[in-house]
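Notes follow the structure.
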Amino acid sequence: MIDRRQFVRVTLATAGLATAGIAAVPAHAHGPTPQKIAETIRIAAPPDAVWKLVGDFGAIAVWHPGVSACRVSNGNVPGSERDIELEKGELRESLDEYDAKAMLIAWRLAKENVEIFPVSFYSASLQIRPAEGGSEVEWTARFYRGDTGNFPSETLDDQAAIAAMTNFYRTGLDGLKAAAEGKK
C-alpha cells in the first residue's frame, strides 16, 4: 500500500511530465487572421468633383486603370452588385453602404476568384474628405487571404493578399487622382 507522501510525489511527478509533454507539442495554426490596409491620397480637386467619380458604384472602370469594365445590377442602392473585369478575370462585389452626404461608399466581395485575386473575402470603404488644396481620399479594407487553411501556398498566403490589395488600391487611387485632376 502507498502512503500519502508517496501518492503526492507520484501525482506531482506525473503532472510535471504531462505538463512538459504538452509544452513540447508544437502549436498548430488556427486558420487566417483578418488583415487590414488603409491607403490615402491627396487630390487637387474639390470633394464634390472627386465624389462625382467614385460616388457611382458602377464607375470604377472610369478611374481605376486595373478595371477594364464594370456592370452594376441596381445602381447605388445597397445590395446592388457589380461585376468588375480585371486583366485575368472577374470579381463580384456587393454594395453595403452609400452615403452621398458623408461621401462614403462601402462594399464587400460577393464572389471570390482566387485565381485572379488572392483573397477569399474583403470588405472595403472609400471616403472623401475636404483637405487643404482639394480632397483627401481614404480607401480601407479588411480581408482574408485566398487560402484559409492552416498551410497556404505562397500565392494565396497573407503576404500575397496584402500585396495584391495594396497594389490594387494604390493603382486605383493614382488613377482616381489623374482622372479628378484632368490628367487621364
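Things to note:
- Dipole check for region 50-157: with +1 at the C-beta of Lys and Arg, -1 at the C-beta of Asp and Glu, and the Cα centre as origin, the magnitude is about 260 Debye.
- Segment T140-N76, length gained on full extension (0.36 nm per residue, minus Cα span): 21.1 nm
- A 1.4 Å probe run over region 115-172, with the rest of the protein chains in place, finds 47 Å² accessible per residue.
- Counting every C-alpha pair in region 97-136, the share spaced more than 14 angstrom apart comes to 59%.
- Per-residue HN-Hα couplings for region 170-182 [Karplus 6.51, -1.76, 1.60; θ = phi - 60°; Hz; x = Gly/Pro]: 4, 4, x, 5, 5, x, 5, 4, 4, 5, 6, 8, x
- Length gained on full extension, R92 to T148: 18.2 nm, using 0.36 nm per residue less the C-alpha separation.
- Of the GluC sites (Glu not before Pro) found in region 62-92, those in coil by DSSP whose Cβ has at most 10 other Cβ atoms within 10 Å are E87.
- Test item: Cα-centred dipole of region 42-94, Lys/Arg +1 and Asp/Glu -1 on Cβ, debye: 140 debye
- Inter-probe distance in nm under a simple model that places probes 7 Å from Cα toward Cβ, at A102 and T171: 3.0 nm
- Placing +1 on the Cβ of every Lys and Arg and -1 on the Cβ of every Asp and Glu, with no other charges, gives region 137-184 a dipole of roughly 300 debye about its Cα centre.
- The residues neighbouring R145, those whose beta-carbon lies less than 15 Å from its own, together hold a net charge of -4 under the Lys/Arg +1, Asp/Glu -1 convention.
- For the pair A61 and E181, a Förster radius of 22 Å applied to the C-beta separation gives a FRET efficiency near 0.75, rounded to the nearest 0.05.
- Span from the region 111-152 Cα centroid across to the region 30-86 one, whole angstrom: 10 Å
- Cα convex hull of region 38-130 - mean projected area over all directions, nm²: 5.9 nm²
- Averaging over all projection directions, the Cα-based convex hull of region 93-184 occupies 7.0 nm² in the image plane.
The values are calculated or read from the model by the stated rules, or taken from the named source; none is laboratory data. Computed from a predicted structure; not experimentally measured. All Cβ positions, glycine included, derive from the backbone under ideal geometry; neighbour counts span all protein chains shown. In case anyone asks, the SASA skips ligands and DNA or RNA and just uses the protein heavy atoms, side chains included. Shrake-Rupley method; radii C 1.70, N 1.55, O 1.52, S 1.80 Å.
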